[in-house]
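Contents: one structure, followed by commentary.
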Amino acid sequence: MTGMDLRQLRYFVAVARERNFTRAAELLHIAQPPLSRQIQLLEEELGVELLIRTSRPVRLTEAGRVFYEQALQILGRVEQMRNATRRVGLNQNSVLSIGFVASTLYGGLPALVRKLRQHAPEVDIQLLEMMSVQQLPALKEGRIDLGFGRLRHSDPNVVSTVLREERLAVAIPEGTALAASSDPLPVEALAGEKLIVYPREPRPSFADQVLGVLLDHDVRAGEVQEVSEIQTALGLVAAEAGLCVVPSSARKLRSDVHYRLLAGERTTSPVVLSHRTGDNSPHIELVKQLIQDMYAENPPWLGLEHNLPIRTSFSKS
């Protein structure tokens with residue numbers, strides 16, 4: 001057998017949900033022996049057991065649990081792909097896929113997407129959460145049309161514009177010495193402190209920007225713990241497990257920790273808009289125009305409390 005197929009994923013998901021081969025086979029309208037055989041082939045290819053067949057009901061192994069979560073995501077993505085393709089084929093409407101890092105949701109992205117829906121109701125907007133480093137290949141492969149990330153790059157196939165330089169803030173456990181003031185915190189104050197950074201992967205990422213700021217100021221943290229996302233990091237700060245550097249607009253995420261802006265040179269993180277070089281789609285031009293309109297309105301998340309003063313201008317690509 002060469003490679004697993006979608007049918008096997010569907011079979012496995014049915015057994016994992018039902019915890020019973022007979023019921024899963026009934027739901028799938030197939031006999032039980034071929035169902036068992038397909039799952040056996042899947043296990044042989046992966047080289048691990050996915051199910052504990054001796055228990056009643058059937059249980060998932062640890063590997064089975066991981067595989068089940070991934071299979072659900074893949075099948076969901078396939079369904080999304082099928083629906084989007086069908087919609088475009090039937091209605092001839094355009095799809096605009098936007099990749100974004102989660103922290104842009106605390107800034108202007110939601111307002112921008114609302115404006116976009118008003119100005120271009122015929123466009124089907126797909127929003128895909130995606131780390132900055134994943135956005136470049138996704139743009140070049142055509143999986144997304146626009147990316148909102150935090151990484152500068154020098155790829156000639158992708159045009160990027162720094163929309164703003166967002167200040168960094170430090171999340172500090174309440175009741176600790178550093179939480180006694182709300183003044184900007186010098187980077188040097190992080191020396192020897194336990195630091196929580198995110199995301200753990202893929203790299204390079206926001207974690208590396210934060211560690212780069214410390215390096216620029218010749219500061220060494222005491223210990224660095226890597227976690228997968230900002231919510232986890234701030235939860236650990238609330239549990240007094242360490243400090244975490246976050247973009248300033250993310251300060252509204254949790255109210256049970258204390259925040260102080262990070263003082264010093266280059267203590268910012270860029271918000272970067274990227275698209276394919278030479279992509280002159282009217283929707284991309286519309287997005288740029290809406291961003292300029294929005295920035296002209298000077299919304300609260302754009303204020304000097306959160307950002308360095310900046311005048312965004314788009315070069316013609």
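A few comments on the model shown:
- Selection status of V197, surrounded by 15 or more Cβ atoms within 10 Å (Cβ to Cβ), out of contact with any Leu (no Cβ under 8 Å at 6 or more places or on another chain) and among the β-branched types (V, I, T): no
- Qualifying residues in segment 154-181 (those that are touching a Leu at 6+ places or on another chain (Cβ under 9 Å) and open to solvent by 60 Å² or more (accessible area, probe 1.4 Å)) - the one nearest to L273 (Cα to Cα): N157
- Answer residue from segment 250-265, given it is over 16 Å from the mean Cα position of the chain (by Cα) and in a helix (DSSP H, G or I) and is surrounded by the most Cβ atoms within 10 Å (Cβ to Cβ) among those: R251
- Apart from one condition, C244 fits all of (1) touching a Phe, Trp or Tyr at 6+ places or on another chain (Cβ under 7 Å); (2) surrounded by 22 or more Cβ atoms within 10 Å (Cβ to Cβ); (3) not aromatic (F, W, Y); the exception is (1).
- Test set (1) surrounded by 19 or more Cβ atoms within 10 Å (Cβ to Cβ); (2) under 26 Å from P156 (Cα atoms) - Y106 fails condition number: (2)
Residue-wise test of (1) outside the structural domain of L128 (by the TED database); (2) over 29 Å from L128 (Cα atoms); (3) free of Cβ contacts under 8 Å to residues at least 24 places away in the same chain.
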| residue | (1), (2), (3) |
| --- | --- |
| Y11 | yes, no, no |
| N20 | yes, yes, no |
| H29 | yes, yes, yes |
| L35 | yes, yes, no |
| I39 | yes, yes, no |
| E43 | yes, yes, yes |
| T54 | yes, yes, yes |
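- Exactly one residue out of Q80, Q135 is over 21 Å from Q289 (Cα atoms), within 19 Å of the chain's Cα centre (by Cα) and open to solvent by 50 Å² or more (accessible area, probe 1.4 Å), and it is Q80.
- Among the candidates Q231, Q225, residue that is part of a helix (DSSP H, G or I) and open to solvent by 40 Å² or more (accessible area, probe 1.4 Å): Q231
- R37 passes every criterion in (1) more than 35 Å from the chain's Cα centre (by Cα); (2) within 13 Å of M4 (Cβ to Cβ) apart from (2).
- Taking every residue in segment 225-240 that is over 18 Å from G192 (Cβ atoms) and pairing it with any residue that is surrounded by fewer than 15 Cβ atoms within 10 Å (Cβ to Cβ) and not β-branched (V, I, T), at least 6 positions away or on another chain, the pairs with Cβ-Cβ distances below 6 Å are E226/R200; S228/R200; A238/D256.
- So V210, is it touching a residue at least 40 places away in the same chain (Cβ under 8 Å), under 17 Å from A102 (Cα atoms), of a type in the set (A, V, I, L, M, F, W, C) and not in a helix (DSSP H, G or I): no
- Matching residues, segment 192-207, being more than 19 Å from R254 (Cβ to Cβ) and either in a strand (DSSP E or B) or modelled with pLDDT of 95 or more (or both): G192
The values are calculated or read from the model by the stated rules, or taken from the named source; none is laboratory data. As the structure is a prediction and not an experimental result, all values here were calculated from the model. With ideal geometry, Cβ positions are generated from the backbone for all residues, glycine too; neighbour counts draw on all protein chains shown. Ligands, DNA and RNA are stripped out before the accessible areas are found, and what is left, the full protein with its side chains, is counted by its heavy atoms. Shrake-Rupley method; radii C 1.70, N 1.55, O 1.52, S 1.80 Å.
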